[in-house]
Every structure is written in C-alpha cells, then in structure tokens.
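Accompanying notes for the structure given below.
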Amino acid sequence: MAQAAQAAQAAQTVQTERTQRTGHTERTGQTEHAGQSPQSPSVASTTPAGRTVRAGAGSLGLGARCALGLGGLAALLALWWLGTDVLSPAGGMARRFSPGATFISLAELLTASDLPMHILVSLRRIGVGLGFALAIGVPLGLAIGSWRRLEATVSPAMQFLRMISPLSWMPIAVMVFGVGDDPVYFLLTFAAVWPIVLNTAAGVQQLDPRWLQLAQSVAATRWETLRSVILPGVLGHILTGVRLAIGILWIVLVPCEMLGVSAGMGYFILDTRDRLAYSELMAMVLMIGVLGFLLDAAARGLYRYWRG
C-alpha cells in the first residue's frame, strides 16, 4: 500500500510539472504573437470565404485591370505596326500584313462577305465537339474517380492516348469517316475529352467523405447521391475541364477545317491564301484570336457565376 501511494504521488507531481510547462509555453506563444508587427510580410489573414490573403498583397480593381489589359493590347499592336510598317522594307511581303490593311479588310469581310457564315459553322463544330466530349468525359471521369481499380486499369492507356496529337489522326479519320464534318467532329472530340475526364476524376477523388457518409446515413439511393452530392461537388472541376477543352478545341479547329470541308474559318484561310488576299488572311487570323478570347472569357465567367 505504501508503494502504491508513493507511485500515485509521483505521477501527480509529474502531471503538475507538465501542466506548468504547458501553461508557460502558451503564455510565451501569446506574448510573441501579440508582439508581432501588424505590417510584417509573413502575417496572413483568412477571409470569411476561407481564402488566405497575405498582408500587403493588394488586389487590383476592375478599372486598373482593364487599363493594364488595354495597355498590353496596345503594346502588341505597336509591335505589329513596327514589324510591318517601320522595320519592313518598302514593297516587302511583310507590308501586306500591316494593321491598317488588316483592319480595313476585316471591316469589309464582316459587312460584305460570307465570313459570318463561316464563323457560325466553326462555332457549331466547336459546340458539337464539346458536347460529345462532355457526354463521354463526365461519365468516364465519374467512374474513374469512384473506383481505384478502374483508375489503375485505364490510366496507362488513357495517358498514352492523350499524348497523341489529335492532328496525327487526320488521315485515319478521313479514311474511316470520309470527307465532311464527321472526321472534324471525331478529331475535336478526341482533343477535348481528356481535360474533362481528368478534371472530373480529380473532383470525385477530392470530395469530402463526410458528404457521402451523410448520404448513406439518410438511405439515399445511388442516383440521389450522384444527383445531390457528387455532381454538385465536382461541378467546379468539370467547368475547369470545359475551359481547358475549349482552348484545345480552338487550337485544333482551324487545321481540322482544312480537311476537305467547304466552310469554316480554316477553309476561309485556305481560300484567302489561294486568292493571294494577304490582308484578308491576316484579318481572319485576327478574328480567330478575338473569338478565342471571347470563348475563354465566357468559360471563365461561367465558372465565376457558379462560384457565386
């Protein structure tokens, strides 16, 4: 009994010492934290939305961002003008691609030609290719993200296929699908499906397990869990994949439309080359850049709208 009492007293003494050391450490930490300078660059604050913001890292307003963006575009235009009108010798080929001639031809093409029809045809092909990519990529991404065995099975083959340039399939696509829109749809779908699959699978794997446990606790069916938990949870990742897919589609579209079709922006570029209409060719290149910028802005706006 005496030994037990001594052991208990020793344990109580050790616990008292630990408590005293812990209290001293907490007081020291609080003192150090209170002594920090509010302007220290290492201080970070957390916003109500949960995002961490570094002190001193100011954010640009909308007006400042627009002004800087317009300044960058003006600088690009100035470089274009210098390269074609100033540094190029008189009568040289580069002067045929000057900004002045390009903007005049662009205005004429938009008002007195069939360019709008070619643009609409290209946008329709983008929509069809993106629709096929979503129809294939979202279910496949959901399945890959849900089952580890399926991911381990298809990941090597998928990584192998997505590293093949879509344009390398052009001869095979023509031989299989013939001439027309079908090979273009195939190439666009092949190009756009991979970012959608990968982002959807990543979204499923990053879901909070507690959401799925909550769905199981209320006896939700698989369809209810998919509709009410999984799809809303991965929608942000899907939208990110859509934005990446649109960028890839827009790059692949023009060479695809040089593949035996009779309309589209790629076809129109070949037509201007054959007619030696160089200012119209440059106007078409400019229009492709403007439309691509607008499509990317629309994708970014959709993502911001979803985030609220």
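The values are calculated or read from the model by the stated rules, or taken from the named source; none is laboratory data. Here the structure is a predicted model, which means the values were calculated and not measured. Ideal geometry is used to build each Cβ from the backbone, glycine not excepted, and the neighbour counts take in all protein chains shown. Just the protein is used for accessible areas: all its heavy atoms, side chains included, with ligands, DNA and RNA removed. Shrake-Rupley method; radii C 1.70, N 1.55, O 1.52, S 1.80 Å.
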*asked:* Tell me the residue from Leu207, Leu249, Leu188, Leu212 that is open to solvent by less than 30 Å² (accessible area, probe 1.4 Å), farther than 28 Å from Phe293 by Cβ and among the aliphatic types (A, V, I, L, M), please.
replied: Leu207
*With Leu286, Leu294 as the choices, which residue is open to solvent by 40 Å² or more (accessible area, probe 1.4 Å), within 29 Å of Gly100 (Cβ to Cβ) and out of contact with any helix residue (DSSP H, G or I) (no Cβ under 9 Å at 6 or more places or on another chain)?*
Leu294
*Would you pick out the residues in the stretch 220-229 that are open to solvent by less than 30 Å² (accessible area, probe 1.4 Å) and in contact (Cβ under 8 Å) with a residue 60 or more places away in the chain?*
none
*asked:* Can you confirm whether Met258 is surrounded by fewer than 19 Cβ atoms within 10 Å (Cβ to Cβ) and either more than 22 Å from the chain's Cα centre (by Cα) or over 30 Å from Arg149 (Cβ atoms) (or both)?
replied: yes
_Evaluation of Arg96 against (1) in a helix (DSSP H, G or I); (2) more than 19 Å from the chain's Cα centre (by Cα); (3) modelled with pLDDT of 90 or more (one fails), failing number_ = (3)
*Hits in the stretch 100-109 (condition: open to solvent by less than 80 Å² (accessible area, probe 1.4 Å), closer than 28 Å to Ser262 by Cα and of a type outside the set (S, T, N, Q))*: Ala101, Leu106, Ala107, Leu109
*Which of (1) in contact with a Phe, Trp or Tyr (Cβ under 8 Å, 6 or more places away or on another chain); (2) of a type outside the set (Asp, Glu); (3) loosely packed, with under 14 Cβ neighbours inside 10 Å is the odd one out, the single condition Arg96 does not satisfy?*
(3)
*All but one of (1) within 24 Å of Ala263 (Cβ to Cβ); (2) surrounded by 15 or more Cβ atoms within 10 Å (Cβ to Cβ); (3) within 27 Å of the chain's Cα centre (by Cα) hold for Leu120, so report the exception by its number.*
(2)
*Inside the stretch 195-308, counting only helices (runs of 4 or more DSSP H) that do not spill past its ends, which hold 1 or more residues that are touching a His at 6+ places or on another chain (Cβ under 7 Å)?*
265-274
_Test of understanding: among Leu212, Leu226, Leu188, which residue is of a type in the set (A, V, I, L, M, F, W, C) and within 28 Å of Arg124 (Cβ to Cβ)?_
Leu188
*Residue check for Leu134: under 30 Å from Leu231 (Cα atoms), open to solvent by 40 Å² or more (accessible area, probe 1.4 Å), assigned to a helix (DSSP H, G or I) and in contact (Cβ under 8 Å) with a residue 60 or more places away in the chain*: yes
*Hits in the stretch 172-185 - residues which are open to solvent by less than 40 Å² (accessible area, probe 1.4 Å) and out of contact with any Lys or Arg (no Cβ under 8 Å at 6 or more places or on another chain)*: Ala173, Gly178, Gly180, Pro183
